[in-house]
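The structure under discussion appears below in the form of structure tokens.
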Amino acid sequence: QLQLVESGGGLVQPGGSLRLSCATSGFTLHNYAIGWFRQAPGKEREGVSCISGGGDTNYADSVKGRFTISRDNVKNTVYLQMNSLKPEDTAVYYCGTGQTYFCGYGINYWGKGTLVTVSS
């Protein structure tokens with residue numbers, strides 16, 4: 001049973017930082033790419049970042065230089081470190097996997113999401 005569970009969301013002030021976690025089970029993490037996505041009210045879900053089974057990473061232009069994706073294969077957990085947060089980063093953040101080694105092949109399994117609110 002493949003599962004992904006996000007945590008770490010909450011309320012943070014503009015310019016602040018937050019670290020999201022994606023705890024996985026039911027598969028060997030180092031074999032699969034994991035992506036972070038977000039969806040704001042009234043908007044389409046968009047890709048934020050992805051890390052491949054081998055550790056290669058990519059980022060949306062809107063978060064480059066501010067967000068960092070990483071993974072801990074021992075803990076079966078993928079992280080998204082978010083710095084210099086802006087109000088436009090407010091969204092529900094989801095992690096997902098397409099059961100592929102590399103990024104870019106679509107998502108078959110999703111977590112339920114964690115809400116990030118950036119506001120004064």
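Report, to the nearest whole %, how much of the accessible area of the chain belongs to carbon and sulfur atoms, 1.4 Å probe, protein only. Present the calculation step by step, with values, prior to reporting the outcome.
Working: 2920 of 6330 Å².
Here it works out to 46 percent.
For the chain, what's the relative contact order in percent, using C-alpha pairs closer than 8 Å and at least 6 residues apart?
Details: 309 pairs, mean separation 43.8, N = 120.
Across the chain, relative contact order equals 36 percent.
Quick one: how many Å² of residue 71 are accessible to a 1.4 Å probe, rounded to 10?
Rounded to the nearest 10, the figure is 60 Å².
Pull out the extension gain between residue 100 and residue 31, defined as 0.36 nm times the separation in residues minus the alpha carbon to alpha carbon distance; nm, one decimal. Working shown, then result.
Details: separation 69, 0.36 × 69 = 24.84 nm, distance 0.74 nm.
Length difference between fully extended and current span is 24.1 nm.
I need to check one value: relative contact order of the stretch 66-120, counting alpha carbon pairs closer than 8 Å and at least 6 residues apart, in percent.
Relative contact order, the stretch 66-120: 31 percent.
Enter the accessible area per residue of the chain (Å², integer; probe 1.4 Å; all protein chains in place).
Working: 6330 Å² over 120 residues.
The answer is 53 Å² per residue.
Mind grabbing the base-10 log of I(q)/I(0) for the chain at q = 0.12, 0.23 Å⁻¹? Debye formula, identical points on the C-alpha positions, no solvent, two decimal places.
-0.38, -1.37
Each residue of the stretch 60-65 in order: what ³J(HN,Hα) in whole Hz does its phi give by Karplus 6.51 cos²θ - 1.76 cosθ + 1.60, θ = phi - 60°, with x for Gly and Pro?
5, 4, 5, 10, 4, x
List the relative contact order of the stretch 26-93 as a percent without decimals, with contacts defined as Cα pairs under 8 Å and 6+ residues apart.
30 percent
May I ask you to derive the FRET efficiency for residue 76 and residue 120 from their Cβ-Cβ distance with R0 = 35 Å, giving the value to the nearest 0.05? Walk me through the numbers before you get to the answer.
Numbers: r = 36 Å, r/R0 = 1.02.
Once the sixth-power term is evaluated, E becomes 0.45.
The values are calculated or read from the model by the stated rules, or taken from the named source; none is laboratory data. Everything numeric in this text was worked out from a predicted model, so none of it was measured. Positions of Cβ are generated from backbone atoms using ideal geometry, with glycine treated the same way; all protein chains shown enter the neighbour counts. These area figures cover heavy atoms from the full protein model, side chains too; ligands, DNA and RNA do not enter into them. Shrake-Rupley method; radii C 1.70, N 1.55, O 1.52, S 1.80 Å.
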